[in-house]
Amino acid sequence: MKHKLYIFWSYFYFHCKATAFFKFNFLLKNISNTIYQALGVLSLFIIFKHLPQAENWNYYECLFLQGYANCVIATFHLFFSGFTNFASKYLYSREYDIVLMRPVPSLLQVMAANISIDRLPNIIVAVLIMVFARVNMQVQISVFTILFFLVFLILNVAVMGCINILLCSISFSIDMKVNLFVPLMNSFEFARYPFVLYSKIIVFAFTFVLPLATVAYLPVGFVLDKIAQSYTLLIPVVYLVVLVPLTLVVWRRQELKYGGM
């Protein structure tokens, strides 16, 4: 385990050094991502200017929810964005031959070599949005609550990462350059708003089929006493128990279908 962590850190370190040569691109990405989050805050402000309450959620509660969702989504992109263009980068270019030659698990290599450090400022901005919203809310945020949010962040990033890798593994068998998970990334927009605003069909689909409700709505709603079904908090745990072994097995079997050079 120590050896794998060292390898992961080495990949991350050299990736950061490589990024340093493209400072303008790094800066441009962060500016555009910051503007995107600012537009989300502005849209909420415009909505609540004409609608003070949305199903018992006020502006600052929704802002806190949006900040936490942005934090989870940005963390997901930080670690798993390398799998979205996996086929075109590794399979069609035959770069995956090099990956298989190294005495390191292929999943670890792909993840470590494609960490998107340009997402780090996104996470910082998302946390600042949460802090701003918290100052204007009548709710206590204790150390336990922070740990609760951190645990859910890790669980949800892992779950979405597993789904991403599972859909990415299909690229070994099917001639396609785009990961099937990419179209699903648009559905992340639903996670930024209270699910009480959606129809029951959407709520069911994004709770038990694609677990987007657990990204932000369930943990934030639980802390703010907006939901009573505390058992729904176990959904990401159940998904993770099923998805982790399934992902490892499917990836390994699909990988064996890679033809190489």
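The values are calculated or read from the model by the stated rules, or taken from the named source; none is laboratory data. If you're wondering where the values come from, they're calculated on a predicted model, not measured in any experiment. Quick reminder, even Gly has a Cβ in these numbers, built from the backbone with ideal geometry, and neighbours come from all protein chains shown. Each accessible area value is taken on the protein alone, full model and side chains, heavy atoms only, with ligands, DNA and RNA left out. Shrake-Rupley method; radii C 1.70, N 1.55, O 1.52, S 1.80 Å.
For region 179-195, give me each residue that is open to solvent by less than 30 Å² (accessible area, probe 1.4 Å) and assigned to a loop (DSSP other than H, G, I, E, B).
First, pick out the residues of region 179-195 that are open to solvent by less than 30 Å² (accessible area, probe 1.4 Å): 179, 181, 187-188, 191-192, 194-195.
Selection gives ASN179, PRO194.
State the number of residues belonging to region 207-237 that are open to solvent by 40 Å² or more (accessible area, probe 1.4 Å), closer than 15 Å to VAL151 by Cβ and either free of Cβ contacts under 8 Å to residues at least 12 places away in the same chain or over 18 Å from the mean Cα position of the chain (by Cα) (or both). Give the steps one after another, and end with the answer.
Here is the first cut: in region 207-237, the residues open to solvent by 40 Å² or more (accessible area, probe 1.4 Å) are 208-209, 222, 225-226, 228-231, 234, 237.
From the residues that got through so far, the ones that are closer than 15 Å to VAL151 by Cβ too are 222, 230, 234, 237.
Remaining after also requiring either free of Cβ contacts under 8 Å to residues at least 12 places away in the same chain or over 18 Å from the mean Cα position of the chain (by Cα) (or both): 222, 230, 234.
Total satisfying the criteria: 3.
Being open to solvent by 90 Å² or more (accessible area, probe 1.4 Å) and assigned to a helix (DSSP H, G or I) is the filter here, so list the residues in region 239-258 that pass it.
Within region 239-258, the first condition is being open to solvent by 90 Å² or more (accessible area, probe 1.4 Å), and the residues that meet it are 241, 248, 252-253, 256-257.
Result: VAL241, LEU248, ARG252, ARG253.
Table: residues versus (1) in contact with a Cys (Cβ under 8 Å, 6 or more places away or on another chain); (2) modelled with pLDDT of 85 or more; (3) closer than 16 Å to PHE76 by Cβ; (4) of a type in the set (Phe, Trp, Tyr).
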position: GLY161; (1), (2), (3), (4): no, yes, yes, no
position: ILE174; (1), (2), (3), (4): no, no, no, no
position: PHE190; (1), (2), (3), (4): no, no, yes, yes
position: TYR193; (1), (2), (3), (4): yes, no, no, yes
position: LEU197; (1), (2), (3), (4): no, no, no, no
position: THR214; (1), (2), (3), (4): no, yes, yes, no
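Is one or more of the residues making up region 196-206 open to solvent by less than 30 Å² (accessible area, probe 1.4 Å), part of a helix (DSSP H, G or I) and either on the phi < 0 side of the Ramachandran plot or in contact with a Ser or Thr (Cβ under 7 Å, 6 or more places away or on another chain) (or both)?
Step one: list which residues in region 196-206 are open to solvent by less than 30 Å² (accessible area, probe 1.4 Å), which gives none.
No, region 196-206 has no match at all.
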